[in-house]
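Trainee: Let me give you the structure first, and then I'll get to my questions.
Readers should treat all values here as calculations from the given coordinates under stated rules, not as data from a laboratory. Please read these numbers as outputs of a predicted model, since none were measured by experiment. All Cβ positions, glycine included, derive from the backbone under ideal geometry; neighbour counts span all protein chains shown.
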Amino acid sequence: MTTASLADALPAFFMPEPERIPCPAPTPAIPEGAVDESSDEESVRLMLRVREGDEKAFERLVDIHQGAVVGTVYRMLNSLDDAHDIAQQVFIRVWRSAPRYEVTAKFTTWLYTITRNLVFNETRRRSRRKEVSIEQENEDDPPRHFVDLSVAGADENLVKAEFHEALDKAIAALPEKQRLAVILRGKQDLPYEEICVILKMSLPALKSLLFRARNELRKHLGQHLGEAVE
């Protein structure tokens with residue numbers, strides 16, 4: 001997504017491209033007595049103001065949700081550039097859809113449904129062009145962390161680093177629906193009912209999907225760690 005195309009689609013305040021980081025920035029502490037602006041009720045309130053053309057409300061929505069959207073897309077695609085580009089496309093759609101917005105579900109459900117559509121489009125485009133290998137390392141990938149084995153506790157840190165790297169690879173190897181379900185449940189901590197709406201699945205179907213995904217993750221991690229897998 002180029003700066004010029006964004007300028008045509010969004011208010012000027014959205015133009016500064018966010019710092020490219022591999023995971024969402026920590027949520028700042030909320031002063032005592034302040035409204036928790038990460039709550040869905042606040043997001044809906046802001047979105048209703050956006051529907052009336054309030055650019056400041058849109059700016060606040062982007063501030064609140066951009067990190068989570070970028071983090072979700074990054075875990076789906078394993079590319080920082082693509083994660084930021086698709087996150088920008090998500091918010092372009094939020095802005096353009098604002099005049100038609102109706103409160104029929106949680107705001108996060110609506111937001112992640114938009115994210116799902118764009119991410120699945122991208123994964124299918126990649127699959128068709130065979131551009132992606134889960135073993136491939138890209139310049140976009142976060143730098144690997146090398147552990148100084150001379151430091152006390154280094155062995156334990158190495159094991160943890162290897163485990164998390166193996167977990168990321170195992171998640172990346174899952175089919176797209178399983179992958180997104182695992183990310184929304186495990187990383188974004190969304191309730192089952194909300195994920196059902198996002199993925200257009202019944203609750204039993206979602207639980208079955210997650211059960212299969214967790215079995216696959218267990219197999220991958222067991223092989224990586226040298227553990228016997230039944």
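Trainee: Which whole-Hz ³J(HN,Hα) couplings does the stretch 70-80 yield from phi under the Karplus relation 6.51 cos²θ - 1.76 cosθ + 1.60, θ = phi - 60°, glycine and proline marked x?
Mentor: For the stretch 70-80, the Karplus curve yields 4, x, 5, 5, 4, 5, 6, 10, 6, 9, 5 Hz.
Trainee: Oh, and also: Which order do the peptides 186-196, 80-90 take when ranked by the mean count of other beta-carbon atoms within 10 Å per residue, highest first?
Mentor: Descending packing order for the listed peptides: 80-90, 186-196.
Trainee: Then there's this: Around Val73, with a cut-off of 11 angstrom between Cβ atoms, what is the net charge of the other residues, counting Lys and Arg +1 and Asp and Glu -1?
Mentor: -2
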